[in-house]
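Scroll down for the structure; my scribbles are underneath it.
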Amino acid sequence: MNFSTLKIGRLLYGLVFIVFGLNHFINVSALSGIVPIPGGAFWVYVTGLAILAAAIAILTGKQARLACQLLGILLFIFALTIHLPAMINQGVMAGLSNFLKDTALGAAAWVIAETYAAQPKQAAATS
């Protein structure tokens, strides 16, 4: 096996989002309380599925570029609609940390998306 830093980075990034996606199903009640629109639990499940789908795409290399682009958008939406208001309204330091985390992870998703553009169609994280 030839593990480059790019492949290792993709693998780790995908695995992290498997955990984040599963967390949406494990902690529905806690997460639905921070959803800024009606239907909190529904949106927690929908975003959990979206995150898991993106993670699987990253790990398999199938539709990974599109998945990373959409994941980046989702993470920026989280940063702007959940974490930024929490930081401003509550002055909570965790709001700043979560805002910066989702901003950085969203930017990283877009960078990773471009690595798939330069690769052949089937470029799985583990191949």
* Structure fact -> Within segment 1-13, residues being within 14 Å of the chain's Cα centre (by Cα) and without any contact (Cβ under 8 Å) to a residue 12 or more places away in the chain number 1
* Asked: Assuming residue 59 fulfils every condition listed in (1) touching a residue at least 24 places away in the same chain (Cβ under 8 Å); (2) in contact with a Phe, Trp or Tyr (Cβ under 7 Å, 6 or more places away or on another chain); (3) not acidic (Asp, Glu) apart from one, which condition is it?
  -> (2)
* Structure fact -> Exception for residue 7 within (1) touching a helix residue (DSSP H, G or I) at 6+ places or on another chain (Cβ under 8 Å); (2) surrounded by 14 or more Cβ atoms within 10 Å (Cβ to Cβ) falls at (1)
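Laboratory data are not the source of any read-out in this text; all were calculated from the coordinates shown. Since the structure is predicted, the reported quantities are computational estimates derived from the model, not experimental observations. Glycine gets a Cβ as well: all are built from the backbone with ideal geometry, and neighbour counts include every protein chain shown.
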